[in-house]
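The values are calculated or read from the model by the stated rules, or taken from the named source; none is laboratory data. As the structure is a prediction and not an experimental result, all values here were calculated from the model. In this analysis, Cβ positions are derived from the backbone assuming ideal geometry, glycine residues included, and neighbour counts consider all displayed protein chains.
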Amino acid sequence: MRTPLHILTSVFGFPAFRGHQQEVIEHVVAGGDAMVLMPTGAGKSLCYQVPALCRDGVAVVVSPLIALMQNQVEALNQLGVRAAALNSARSFDEVELIERRLEAGELDLIYVAPERLVLPGFLSLLERCRLALFAIDEAHCVSQWGHDFRPEYLQLALLHERFPAIPRIALTATADGPTRKDIIERLNLGEGRVFVAGFDRPNIRYRVALKNNPKDQLLRFLEAEHTGESGIVYCLSRAKVEETAAWLNAKGYAALPYHAGLDQGVRAANQERFLREEGIVMAATIAFGMGLDKPDVRFVAHLDLRMASDAWMAYGLEDVGKLSQFIASSQASEAQKRVERGKLNALLGFCETTRCRRQVLLEYFGETGAPPCGNCDTCLEPVAKFDGTELARKALSCVYRTGESFGAGHVIDVLLGRDNEKVQRFGHNNLSTFGIGTELAADQWRSVLRQLVAAGLLSIDVEGHGAFKLTESCRPVLRGEVKVDLRRDPLPAKGKSRKESGKKTATPLSEPGDEALFQHLRATRMALAKAQGVPPYVILHDSTLIEIARRRPSRPHHLEGIPGLGDSKRDRYGDLLLAAVMEFEAAE
Ligand code: ADP
Ligand code: ZN
């Protein structure tokens, strides 16, 4: 009996499907095409792995990243599933062996790099095999609007022509409107069903902080909530990555750098350590982390403004300028630049919103109607709004009077009536707007200007070195026909994050003894992982160890129904786990 649920429980050891998994799986098992948009960690892999085991034949999984392929195959082999990977890391003999197993029908899943899949020889090999399905992982790679376009993905459209009867499932975590449309068109998935789900992640708390002293802010965030945990700190530039990693090391964290400028070997070694060890903080540019499957990543912090705002992000107006500059100076086509600018504006809107951050984020990914989450910074501490029409008009007219040729610093000098050399040189001390803004401090004016950019009333001119320009939509504001609401930015409160430090998120184990047993089980797992040369979570997840620590099993049948402990893993590790519990209890 090979129903999806049976496979889920007996092979994977999970009691129930999550979110839309069941719907997707039933659709694909029945032979339908599908496009699945779920954020990383939501459980996309099961959406093709379970159908692969339900349907006859081998499932062909296209994946662009060798390291991730390797991880998946190791994890599947641990579960007793017959899986292998074909990529450039394989020797000639290995390839031959795998291809022979493939043709003999001895594999349930074969992972292949896209460039190999489309080789004529490989395609005709596939024609001699019984095929269960095609899974196209990281499907956004087919789109030029995505952040990781790979030309070889374009050729995957031929799967539809060559194997029209075989179901295809495309999966990605990057799924805003333009990318989504592009994937469907380019992969010829027009007939398939689209599943969008799970972008709501109640276990992530979204917070955006105003850059004040970003390093100290980051350190407080780590100390208060994430001591000893794995996480990623994203930075905009390579230099900043190096600097941040060195600085975190000096502060006693195990931090490693990752960026495209590092030697290939160093990069691979650092990624490997991050995946295999616990408690490593990776300082990285966005070159790092796509599709990473490391379930014990506890935080993602962004030291600069970034598109994927997972958890905690500090940002300032300079970042907006820098990113606009990146976009303007890139090789991309005009159309793509427009899309990128659109994303940047959406992100800025996200930062400056006075609404629930999760709502704004979900709307961006097409999920509307969600209630306020009660768990983001704006829900937890609602932002005070006030009628900022007068301030907005002052700022806008000052931009206008200074000829739309200056950035924040100079505009604020004029608003505040600072009679400095530059102001005099341009004769701006004679303007009607000179000194009309003394009711606010410079920082507060920065906040106002940022919000005007976010609201689309000002734009930042990249050719003009970041000068503000008025937009069409500011006319009604200047004429006094439209009101402008502004948020009162909280002053950088020093004492505040201390208050939060009591809420350290550790395991949900309340008994100190259970917590100690959990640590003992982790050590056992680490030894197993080292011996097999795989990451610890491939052996067993934290959640499985936590459940064991809670139950304290002493007989093999006590292990039944523990999440993440399927038949094969129970056979393999059951005795060891029971022994570890016994050992611990004897010493307790
Ligand atoms: P994605 O590919 O979407 O990033 P994965 O497929 O790697 O996510 O799944 C993330 C984690 O969630 C994995 O460790 C997986 O074992 C776990 N998981 C997925 N589906 C379920 C489920 N139905 N029950 C329990 N755990 C699940
Ligand atoms: Zn919220």
With the structure loaded, tell me whether Gly369 is within 16 Å of ligand 2 (Cβ to nearest atom) and surrounded by fewer than 21 Cβ atoms within 10 Å (Cβ to Cβ) or whether it fails that test. yes
On the given criteria, is Leu415 at pLDDT below 75 and away from ligand 1 (no atom under 16 Å from the Cβ)? no
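I'd like the residue in region 544-571 that is assigned to a helix (DSSP H, G or I) and of a type in the set (S, T, N, Q) and, out of all such residues, is nearest to ligand 1 (Cβ to nearest atom). Talk me through it step by step, then tell me what you get.
As a first pass, look at region 544-571 and keep what is assigned to a helix (DSSP H, G or I): 544-551, 556-559, 567-571.
Narrowing the set further to residues that are of a type in the set (S, T, N, Q) leaves 544, 568.
Values: Thr544: 10, Ser568: 14 Å.
Looking at the filtered set, the residue picked out is Thr544.
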Mind checking which residues of region 53-72 are touching a Leu at 6+ places or on another chain (Cβ under 9 Å), under 30 Å from Phe274 (Cα atoms) and small (Gly, Ala, Ser)? Ala59, Ala67
Tally the residues that are within 21 Å of Leu119 (Cα to Cα) and either under 26 Å from the mean Cα position of the chain (by Cα) or of a type in the set (D, E, K, R) (or both), restricting the search to region 144-173. 12
Filtering region 23-50 down to residues that are within 15 Å of ligand 1 (Cβ to nearest atom) and over 25 Å from Asp182 (Cβ atoms) yields Ile25, Glu26, Leu46, Gln49, Val50
Would you please list the contacts, defined by Cβ atoms under 8 Å and residues six or more apart or on different chains, that run from a residue in region 24-45 that is under 14 Å from Phe134 (Cβ atoms) to a residue that is within 6 Å of ligand 1 (Cβ to nearest atom)? Val36/Lys44
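Can you pull out the residues in region 100-114 that are surrounded by fewer than 17 Cβ atoms within 10 Å (Cβ to Cβ) and more than 30 Å from Gly564 (Cβ to Cβ)? Please lay out each step first, then the result.
Initially, region 100-114 is screened for residues surrounded by fewer than 17 Cβ atoms within 10 Å (Cβ to Cβ), giving 100-101, 103-106.
Passing the criteria: Arg100, Glu103, Ala104.
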Search result, residues across region 8-17 that are in contact (Cβ under 8 Å) with a residue 60 or more places away in the chain, at negative phi and either outside the structural domain of Gln49 (by TED's automatic domain parsing) or within 11 Å of ligand 1 (Cβ to nearest atom) (or both): Thr9, Phe12, Phe14, Pro15
Matching entry among Cys379, Cys356 (being surrounded by 16 or more Cβ atoms within 10 Å (Cβ to Cβ), within 16 Å of ligand 2 (Cβ to nearest atom), modelled with pLDDT of 75 or more and over 17 Å from Asp485 (Cα atoms)): Cys379
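Which ranges mark the helices (runs of 4 or more DSSP H) fully within region 382-431 that have 2 or more residues being surrounded by 15 or more Cβ atoms within 10 Å (Cβ to Cβ)?
Values: elements: 389-401, 408-416, 421-425.
Result: 389-401, 408-416.
Condition first: part of a loop (DSSP other than H, G, I, E, B) and within 16 Å of ligand 1 (Cβ to nearest atom). Now tell me which residues in region 161-189 satisfy that.
Answer for region 161-189, where residues must be part of a loop (DSSP other than H, G, I, E, B) and within 16 Å of ligand 1 (Cβ to nearest atom): Ala173, Thr174, Ala175.
Please count how many residues of region 41-69 are part of a helix (DSSP H, G or I) and either closer than 21 Å to Leu119 by Cα or not assigned by TED's automatic domain parsing to the domain that holds His140 (or both). If you could, list the steps in order and put the result at the bottom.
Keep residues of region 41-69 that are part of a helix (DSSP H, G or I), which gives 44-54, 66-69.
Keeping just the survivors that are either closer than 21 Å to Leu119 by Cα or not assigned by TED's automatic domain parsing to the domain that holds His140 (or both) gives 66, 69.
Residues flagged as part of a helix (DSSP H, G or I) and either closer than 21 Å to Leu119 by Cα or not assigned by TED's automatic domain parsing to the domain that holds His140 (or both) within region 41-69 amount to 2.
Is at least one residue of region 78-85 within 11 Å of ligand 1 (Cβ to nearest atom), surrounded by fewer than 23 Cβ atoms within 10 Å (Cβ to Cβ) and either modelled with pLDDT under 95 or not small (Gly, Ala, Ser) (or both)? Steps first, answer last, please.
First, pick out the residues of region 78-85 that are within 11 Å of ligand 1 (Cβ to nearest atom): 79.
Next, only the ones that are surrounded by fewer than 23 Cβ atoms within 10 Å (Cβ to Cβ) stay: 79.
Filter once more, so that each one left must be either modelled with pLDDT under 95 or not small (Gly, Ala, Ser) (or both): 79.
Looking for residues that are within 11 Å of ligand 1 (Cβ to nearest atom), surrounded by fewer than 23 Cβ atoms within 10 Å (Cβ to Cβ) and either modelled with pLDDT under 95 or not small (Gly, Ala, Ser) (or both), one finds at least one in region 78-85, hence yes.
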Residues of region 14-49 being surrounded by 23 or more Cβ atoms within 10 Å (Cβ to Cβ) and closer than 21 Å to Ile539 by Cβ, which ones? Gln49
For region 76-152, list the strands (runs of 3 or more DSSP E) that sit wholly inside it and hold at least 3 residues that are in contact with a strand residue (DSSP E or B) (Cβ under 8 Å, 6 or more places away or on another chain) and within 26 Å of Asp182 (Cβ to Cβ); which are they? 131-136
Only one of Leu361, Leu292 is under 19 Å from the mean Cα position of the chain (by Cα), of a type outside the set (Phe, Trp, Tyr) and modelled with pLDDT of 70 or more, namely Leu361
Based on what the data block shows, is Gln21 under 20 Å from Glu106 (Cα atoms) and either of a type in the set (Ser, Thr, Tyr) or away from ligand 2 (no atom under 16 Å from the Cβ) (or both)? no
